[in-house]
Amino acid sequence: CNDRDIAQKNETLISCVISDSELAECSVSTSIWLNDDVSVHRNALLSLCRTYQAEAYRGSIGTEEADSAIRNWLNSKTGNMLSDHTSGMVTRPATQLQLLIASYFRAQWESIFSPLDTTPDRFHAGPGRDVLCEFMNSRENTVCVCGHQFTAVSKELWLGHRIWFIKPNEGVSLS
């Protein structure tokens, strides 16, 4: 593809994915982080930013100031859902360029789970780590896929979105 085709395909893809309403929100954000001592051709960087709808930043990568800015960017693009994971994130001074892509998705169930169908049960959080928690239950017709090593069912969300719940078969690792 030439640059114009890539830009159009990327713009089409992003516009198909992005939504923002009370019922559902989906976003994909891209950023380029350049170390202060990296020289770039301004027009090339602007073209990349336009083509991939990326934000560009410059700073001293490997410093607390840059790390804080990167963490803040990630948290702002993911609805602060990853703040526990980004809090310890640090960059190395040898890093010259860092590309970050953040996605965020939030949607309401198309049919709400009834609180009367919520029951306590064991959640297997890993070997020897069973946790008692509340499980939402639902009875409805839906898509079910039975693969060689897994079973998957889907549940409808607002605005045509769908979430898949994938369960490995007994004895099959999650990876």
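The values are calculated or read from the model by the stated rules, or taken from the named source; none is laboratory data. As the structure is a prediction and not an experimental result, all values here were calculated from the model. Every residue, glycine as well, gets a Cβ built from its backbone with ideal geometry; the counts of neighbours run over all protein chains shown. These accessible areas exclude ligands, DNA and RNA; they are computed on the full protein's heavy atoms, side chains included. Shrake-Rupley method; radii C 1.70, N 1.55, O 1.52, S 1.80 Å.
Observations
- Here the Karplus relation 6.51 cos²θ - 1.76 cosθ + 1.60, evaluated at θ = phi - 60°, turns the backbone of the range 23-38 into coupling constants of 8, 7, 9, 9, 9, 10, 10, 10, 9, 10, 10, 10, 5, 3, 8, 8 Hz, with x for every Gly and Pro.
- Residue-wise HN-Hα coupling along the range 78-86, computed from phi with Karplus coefficients 6.51, -1.76, 1.60 (Hz; x: Gly, Pro): 10, x, 6, 6, 10, 4, 5, 7, 7
- Rg to Rh quotient for the range 1-72, alpha carbon positions, Kirkwood Rh: 1.07
- Around the amide H of F150, modelled in the peptide plane, lie the amide H atoms of N169, all under 5 Å away and 5 or more residues distant in sequence or on another chain.
- For C26 and E64, the FRET efficiency from 1/(1 + (r/R0)^6), where r spans their Cβ atoms and R0 equals 35 Å, is about 0.65.
- Spin-label pair F165-F123: with each label point 7 Å from Cα along the Cα-Cβ axis, the two points sit 1.2 nm from one another.
- Probe 1.4 Å, accessible area per residue of the range 103-146, Å²: 85
- Amide proton proximity set for I61, modelled H, under 5 Å, gap of 5+: D36
- Annotation: amide H-H contacts under 5 Å for E55 (H modelled 1.01 Å from N, sequence separation of 5 or more, or interchain): T30, S31, I32.
- Rough spin-label spacing in nm, given labels placed 7 Å along Cα→Cβ, for C146 and S47: 5.4
- For M136, the solvent-accessible surface with a 1.4 Å probe is about 110 Å², rounded to the nearest 10.
- Per-residue [θ]222 nm for the chain (sum of -39500 (n - 2.57) over DSSP H runs n ≥ 4, rounded to 500): -7500 deg cm²/dmol
- Taking every protein chain into account, the 1.4 Å probe leaves R162 with about 100 Å² of accessible area, to the nearest ten.
- Carbon and sulfur %, accessible surface of the range 1-84 computed with the full protein complex present, 1.4 Å: 50
- When Rg and Dmax are taken over the Cα atoms of the chain, they come to 21.3, 62 Å.
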